[in-house]
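Novice: Before we start, here is the structure in question, set down as structure tokens.
The values are calculated or read from the model by the stated rules, or taken from the named source; none is laboratory data. This structure is a prediction, so every number in the text was calculated from the model and none was measured. Neighbour counts run over all protein chains shown; Cβ positions are idealised from the backbone, glycine included. Ligands, DNA and RNA are excluded from the accessible area calculation, which covers all protein heavy atoms including side chains. Shrake-Rupley method; radii C 1.70, N 1.55, O 1.52, S 1.80 Å.
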Amino acid sequence: MSVPLSLDVSQAHPRLSELTVVDVRTPAEFASGHLPDAVNVPLDRLTRSLPELRGAAEHRPLLVVCASGSRSENAAGTLVAHGIPASSLTGGTQAWTAEGHVLHYRDGSRKRAVWAMERQVRFTAGVGVLLGLALGLLLHPALALLSAAIGGGLVFSALTRTCGMAVVLGRLPFNRRGAGSHP
């Protein structure tokens, strides 16, 4: 079955009951609000969940979702490369709520929002750059190379559409709380 690589909110919303929604955010992000009936398969667990996702896609096409659409676009590409039909929700949950659609919560009540992974990465990178500069000025000039290493990592991340820092941050305990169900 051929499915488009991406769907925008106006295309996905009326078809939601025909799709299996797979949210690739961290469990904590998922717990802070997700699309109706979504299952949580964090991006770092995607490849080991391929058999279950393949089985789910045999019944209904997969709609992959994240906060902004970036991680879900990468995940949908990975699924398609493994022969699993999948589409990414353009703009992610941010676009979903901007269009006036509600997010659902596992127990029906809104949890304290967890920072989106992109925000966690920006914060961590910024702190690392400032720390490298401060250490370079106060202790030894070579410590300023920490800032250069973070800058290089950000360039590599942009060019490869991957993010090692997000993978590491995703494994921290506060990003693991509230794990959702799997397909």
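Novice: From the list ALA125, ALA75, ALA134, exactly one residue is surrounded by fewer than 16 Cβ atoms within 10 Å (Cβ to Cβ) and without any contact (Cβ under 8 Å) to a residue 60 or more places away in the chain. Which is it?
Specialist: It is ALA134.
Novice: Looking only at residues in segment 154-164 that are at negative phi and at pLDDT below 90, which one is surrounded by the fewest Cβ atoms within 10 Å (Cβ to Cβ)? First the steps, then the outcome.
Specialist: At the first step, the residues of segment 154-164 found to be at negative phi are 154-160, 162-164.
Among the residues that remain, those that are also at pLDDT below 90 are: 157-160, 162-164.
On the way: SER157: 16, ALA158: 10, LEU159: 8, THR160: 10, THR162: 12, CYS163: 23, GLY164: 12.
In this case the residue turns out to be LEU159.
Novice: A further question follows. If I filter segment 33-56 down to residues being touching a Gly at 6+ places or on another chain (Cβ under 8 Å) and part of a loop (DSSP other than H, G, I, E, B), which single residue comes out as modelled with the highest pLDDT?
Specialist: ALA38
Novice: Moving on to the next point. Restricting to segment 8-37, give me the number of residues that are closer than 11 Å to TRP96 by Cα and aliphatic (A, V, I, L, M).
Specialist: Selection size over segment 8-37: 3.
Novice: Taking the conditions exactly as written (open to solvent by less than 90 Å² (accessible area, probe 1.4 Å), at pLDDT below 95 and within 24 Å of VAL64 (Cβ to Cβ)), does GLY151 satisfy them or not?
Specialist: Numbers: open to solvent by less than 90 Å² (accessible area, probe 1.4 Å): yes; at pLDDT below 95: yes; within 24 Å of VAL64 (Cβ to Cβ): no.
No; evaluated as a whole, the condition is false for this residue.
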